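Engineer: Below you will find the structure I want to go over with you.
The values are calculated or read from the model by the stated rules, or taken from the named source; none is laboratory data. Predicted, not measured: the structure shown is a model, and the values here were computed from it. We place every Cβ from the backbone using ideal geometry, glycine too, and count neighbours over all the protein chains shown.
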Amino acid sequence: MVVGVSLLAGALAQSATRLLLTRSDADIEIVNAGLASEGARSILRLSGCVEEDASLRSNLFYAPGGGVTARIARGEGEDAVVAAPLMIVLQPEVVEGEVQVEDGETLEALDASTGFGRPPCLEEVAWASPPRVVLEQGRTTAVGARFFLDQGEDVAIMDGPIALTRLPQGDGPTVEATAEGLRYDLEAGRSTLSGGVQVTAGSRVSEAEELELDEEAGVAILTGNPAVSRDGEDEVRGDRLVYDLETNDVVVEGRVRGSFNLGE
């Protein structure tokens, strides 16, 4: 499917701008609802900003006071929303008669301040310390340093450290997790934490190499060598832990081991 782009003018704020990317795996709508009085700017289809490839067109969305979001929508299931002060979309130049690259744009979301030159390319990009780029889906919020979707890819990368929080639907515990990085599958709508994953929910503490979160099913799958889950003095280990995010129950699969305190 050839990438399609439409630009819609908005009246949400002084500088409100929308960019719709129609991809093979999902639609991504970028909105800058920041205020011009606070320094917000939107610059579309600007050439000459990428020295390595002069054919790329830059779309720049900046709102130092907040207001830049990218909504990732699939045909079914929960949308995911990325929020950051600065988003950069690079697109190949559309040349009549040439075959366009499928999913040819890149999307980068940064927590950074910047200035603009002449032409208005980015100048003096200064990252926040610590940076805070947010990915929200359903009741889950993940915070990382940078969100990046590369050309032709259907999996985006969020650089860590990652801090994830999932709120319960009822009386269950809030789930909190940390990791070194996160991958977001646009087509499946799932996040996977990787690297030194630690999960806390009530009295249960779990450790794994990876955690795949199925937000719609309310399930997290932890894998490791082994993955470990402890609740008080009880401990289970296995290659794969299927964790119910609502009930706090764990099912262990593969090379199962465990120790339990049975009292007297």
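Engineer: Looking at the stretch 16-36, is at least one residue at pLDDT below 90, within 21 Å of ASP111 (Cβ to Cβ) and under 21 Å from the mean Cα position of the chain (by Cα)?
Structural biologist: No, there is no match, as no residue in the stretch 16-36 is at pLDDT below 90, within 21 Å of ASP111 (Cβ to Cβ) and under 21 Å from the mean Cα position of the chain (by Cα).
Engineer: Hey, can you tell me all the residues within the stretch 182-198 that are under 20 Å from ARG132 (Cα atoms) and crowded, with 18+ Cβ neighbours inside 10 Å?
Structural biologist: Listed by number, the residues that qualify are LEU182, TYR184, SER191, THR192, LEU193, SER194, VAL197.
Engineer: Quick one: what pairs do we get from the stretch 147-172, first residue over 30 Å from ASP249 (Cα atoms), second of a type in the set (Ser, Thr, Tyr) and not in a loop (DSSP other than H, G, I, E, B), C-beta under 9 Å, 6+ apart or different chains?
Structural biologist: PHE147/TYR184; PHE148/THR106; LEU149/THR106; LEU149/TYR184; ASP150/THR106; GLN151/THR106; GLU153/THR106
Engineer: Which number in (1) assigned to a strand (DSSP E or B); (2) closer than 30 Å to ALA109 by Cα; (3) free of Cβ contacts under 8 Å to residues at least 60 places away in the same chain marks the one condition that TYR243 misses?
Structural biologist: The single condition TYR243 does not satisfy is (2).
Engineer: Any residue that is under 24 Å from VAL155 (Cα atoms), touching a residue at least 24 places away in the same chain (Cβ under 8 Å), surrounded by fewer than 17 Cβ atoms within 10 Å (Cβ to Cβ) and touching a strand residue (DSSP E or B) at 6+ places or on another chain (Cβ under 7 Å) - is there at least one of those in the stretch 83-90? Reasoning before the result, please.
Structural biologist: Applying the first criterion (under 24 Å from VAL155 (Cα atoms)) to the stretch 83-90 yields 83-90.
So of that shortlist, the ones also touching a residue at least 24 places away in the same chain (Cβ under 8 Å) come out as 83-90.
From what is left, the residues that are surrounded by fewer than 17 Cβ atoms within 10 Å (Cβ to Cβ) are none.
No, the stretch 83-90 contains no residue that is under 24 Å from VAL155 (Cα atoms), touching a residue at least 24 places away in the same chain (Cβ under 8 Å), surrounded by fewer than 17 Cβ atoms within 10 Å (Cβ to Cβ) and touching a strand residue (DSSP E or B) at 6+ places or on another chain (Cβ under 7 Å).
Engineer: Restricting to the stretch 178-206, and then to whatever is in a loop (DSSP other than H, G, I, E, B) and under 11 Å from the mean Cα position of the chain (by Cα), can you tell me which residue is nearest to GLN137 (Cα to Cα)?
Structural biologist: Filtering the stretch 178-206 down to residues in a loop (DSSP other than H, G, I, E, B) leaves 186-189, 202-203.
Those left that are additionally under 11 Å from the mean Cα position of the chain (by Cα): 186, 189.
On the way: LEU186: 12, GLY189: 9 Å.
Ranking the qualifying residues of the stretch 178-206, first place goes to GLY189.
Engineer: Based on what the data block shows, is GLU215 over 28 Å from ILE43 (Cβ atoms), surrounded by 18 or more Cβ atoms within 10 Å (Cβ to Cβ) and acidic (Asp, Glu)? Before you say what the answer is, go through the steps one by one.
Structural biologist: On the way: over 28 Å from ILE43 (Cβ atoms): yes; surrounded by 18 or more Cβ atoms within 10 Å (Cβ to Cβ): yes; acidic (Asp, Glu): yes.
Yes; evaluated as a whole, the condition is true for this residue.
Engineer: Okay, moving on. Go through (1) within 23 Å of ALA145 (Cβ to Cβ); (2) touching a Lys or Arg at 6+ places or on another chain (Cβ under 6 Å); (3) surrounded by fewer than 19 Cβ atoms within 10 Å (Cβ to Cβ) and name the single condition ARG45 misses.
Structural biologist: (1)
Engineer: Something else now. Can you pull out every residue in the stretch 171-181 that is crowded, with 22+ Cβ neighbours inside 10 Å and either in contact with an Asp or Glu (Cβ under 6 Å, 6 or more places away or on another chain) or at pLDDT 95 or above (or both)? Full working, then the answer.
Structural biologist: So the first thing to find is which residues in the stretch 171-181 are crowded, with 22+ Cβ neighbours inside 10 Å, and the list is 175, 177, 179.
If the condition is that a residue be crowded, with 22+ Cβ neighbours inside 10 Å and either in contact with an Asp or Glu (Cβ under 6 Å, 6 or more places away or on another chain) or at pLDDT 95 or above (or both), then ALA177, ALA179 are the ones that fit.
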